[in-house]
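K.L.:
Following this message is one structure expressed as structure tokens.
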Amino acid sequence: MKHKIILLTLVAALSGIGDAVAAEPPNFATADKNKDGKLDYNEFAAADAGRKGDENTKQMFEKIDTDHDKFISMTEFAPYRVRRGDTTKKPDKKKKK
């Protein structure tokens, strides 16, 4: 059984299926192509699994852009990374009393 799981994982990885299923959250610095310290919709869409024009991407961009200035700042972007499963930045755990 263990070998079947490994084999299926390898097949998915080689076929590109894994990219669509579990896309890595975009990295702000990499997504910020013009290095202006903010992401416009096109930069965000290109980094978000290349789904430019996809309705889900538009909704996500609007949700992350909390000040509605048509750009995503690093401050707005950080919580999105945590929600999308970025394990490099974990949210602060609430202290139990």
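K.L.:
Hey, PHE61 hits all of (1) surrounded by 12 or more Cβ atoms within 10 Å (Cβ to Cβ); (2) in a helix (DSSP H, G or I); (3) at pLDDT below 80 but one; which does it fall short on?
P.N.:
(3)
K.L.:
Run ASP19 past the list (1) exposed (fewer than 11 other Cβ atoms within 10 Å of the Cβ); (2) part of a helix (DSSP H, G or I); (3) at pLDDT below 60 and report the number of the one that doesn't hold.
P.N.:
(1)
K.L.:
Right, another one. Six or more apart or on different chains, Cβ under 7 Å: which pairs go from a residue in segment 27-41 that's at positive phi and modelled with pLDDT under 95 to one that's assigned to a loop (DSSP other than H, G, I, E, B) and surrounded by fewer than 17 Cβ atoms within 10 Å (Cβ to Cβ)? Could you list them?
P.N.:
Nothing qualifies.
The values are calculated or read from the model by the stated rules, or taken from the named source; none is laboratory data. If you're wondering where the values come from, they're calculated on a predicted model, not measured in any experiment. Cβ: placed from backbone, ideal geometry, glycine included. Neighbour counts: every protein chain shown.
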